[in-house]
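Let me begin by presenting the structure, written as structure tokens, before commenting on it.
No lab work stands behind these numbers, since they all come straight from the coordinates. None of these values were measured; they are calculated from a predicted model. Virtual Cβ from ideal backbone geometry, glycine too; neighbours counted across all protein chains shown.
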Amino acid sequence: MQCLPESRKKQSEENCVVWSRGVYLNNETEQEMQFFIDTADLEEISAANELGVLDGVTTNPSLVAKIVRDPDHFTYADFKAHIAKICEIVDGPVSAEVTTLTADEMIAQGEELASIDENVVVKCPLTLDGLKAMRALSGNGIRVNATLVFSATQAILAAKAGASYVSPFVGRLDDISTEGMGLVRQIVTVYENYGYPTEVLVASIRHPQHVVEAALAGADVATIPYKVISQLAKHPLTDSGLERFMKDASIFGKE
Ligand code: G3P
């Protein structure tokens with residue numbers, strides 16, 4: 001059985017409740033935009049978690065490689081232990097990616113990763129073998145994140161394969177002069193058209209404007225590097241306003 005949040009399940013028309021991108025039109029239920037952190041760095045994950053606005057984590061092999069101090073002695077067991085540590089810090093979905101290429105290998109590895117913690121979501125690449133693995137894993141109640149998604153056709157396939165999340169990589173599309181956020185809007189529309197419960201997880205976010213545009217597009221999740229999470233809070237008028245308030249407050253004196 002697929003583990004999708006109750007709030008994403010389409011209600012029957014008999015109940016007169018119509019789902020529209022996470023919002024029930026009778027206002028019974030609303031779903032907030034989720035913020036995940038896109039890193040394998042435990043310090044960054046802890047720091048973001050302490051802010052109280054973190055809903056989950058996404059990792060990939062490149063992000064894990066970045067935090068490994070001694071690559072010659074980093075084992076697969078170390079990788080799984082690292083994912084377990086992330087799950088101890090954050091009470092929410094933690095994406096861990098398969099590092100195999102055939103469907104059978106991905107299924108076996110996905111089952112192993114999912115056994116680390118109930119919050120582990122298995123990331124599979126959007127290839128033909130990846131689709132077979134997604135179907136098998138999701139059919140066994142394991143949540144899957146379809147990764148390396150660069151087209152609406154790939155996103156439709158991910159939904160049909162039962163993926164819980166689809167990850168369009170907006171920054172990498174922008175890098176090749178293709179509007180990444182245009183793809184997010186397409187996927188949101190297509191999923192709405194058919195009521196697919198797969199959540200749109202905007203990945204490869206590079207700056208705060210990507211987060212704003214993801215929210216405007218109605219994406220379910222933005223996975224954001226720590227640097228960009230901290231940029232979201234910054235505004236020069238907040239800094240100058242606070243400086244002025246603190247200066248003026250100095251007349252209050254001390255107790
Ligand atoms: O979540 C996927 C993300 O880590 C890819 O980001 O910046 O390597 O394109 P980037």
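Please give the net charge around Gly171, taking every other residue with its beta carbon less than 15 angstrom from that of Gly171, where Lys and Arg add +1 and Asp and Glu add -1.
Taking every Cβ under 15 Å from that of Gly171, the sum is -2.
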Checklist entry - Which of the aspartates and glutamates could be linked to Lys247 by a straight reach, that is with a Cα gap under 20 Å, when you skip same-chain ones fewer than 8 residues away? => result Asp239, Glu255
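Which of the three applies to region 53-110, rounded, prolate or oblate, going by the alpha-carbon gyration tensor with a ≥ b ≥ c and a/c under 1.5 meaning rounded?
Oblate.
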Checklist entry - For Lys85, Lys234, what ranking results if the residue with the fewest other Cβ atoms within 10 Å of its Cβ goes first? => result Lys234, Lys85
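Cα-Cα over 24 Å: which of Lys85/Lys160; Lys66/Lys227; Lys123/Lys160; Lys160/Lys227?
Violating the 24 Å Cα-Cα cut-off are Lys85/Lys160; Lys160/Lys227.
Under a Cβ-only charge scheme (Lys and Arg +1, Asp and Glu -1), can you give me the dipole magnitude of region 30-243 about the Cα centre, in debye to the nearest 20?
Here region 30-243 has a charge dipole of around 580 debye.
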Item to check | Taking Glu112, Glu118 and counting other C-beta atoms within 10 Å, the order from fewest to most | outcome: Glu118, Glu112
Checklist entry - What helices does the chain have that are whole DSSP H segments, at least 15 Å long along their own axis by Cα, and with mean Kyte-Doolittle hydropathy of -1.0 or more? => result 76-89, 103-114, 128-139, 180-194, 236-249
Item to check | Cut-off 16 Å (backbone N to label point 7 Å along Cα→Cβ of Arg172), residues of region 96-138 | outcome: 96-101, 123-131
Checklist entry - Classify the chain: rounded, prolate or oblate, from the alpha-carbon gyration tensor (a ≥ b ≥ c, eigenvalue square roots; a/c under 1.5 rounded; otherwise prolate if a/b is larger than b/c)? => result oblate
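For Val122, what charge total do you get from the other residues with a beta carbon under 11 Å from its beta carbon, if Lys and Arg give +1 and Asp and Glu give -1?
Its environment carries a net charge of -1.
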Checklist entry - Quick one: length gained pulling Val212 to Ile251 fully straight, 0.36 nm per residue minus the C-alpha distance? => result 10.1 nm
Item to check | For region 103-233: relative contact order, % (alpha-carbon pairs under 8 angstrom, 6 or more apart) | outcome: 17 percent
Checklist outcome for this item: Length gained, Thr127-Ala233, 0.36 nm per residue minus C-alpha separation, equals 34.5 nm
Checklist outcome for this item: Rounded to the nearest 500, the 222 nm mean residue ellipticity computed for the chain from DSSP H runs (n ≥ 4, each -39500 (n - 2.57)) alone is -13500 deg cm²/dmol
Item to check | Amide proton proximity set for Val120, modelled H, under 5 Å, gap of 5+ | outcome: Val94
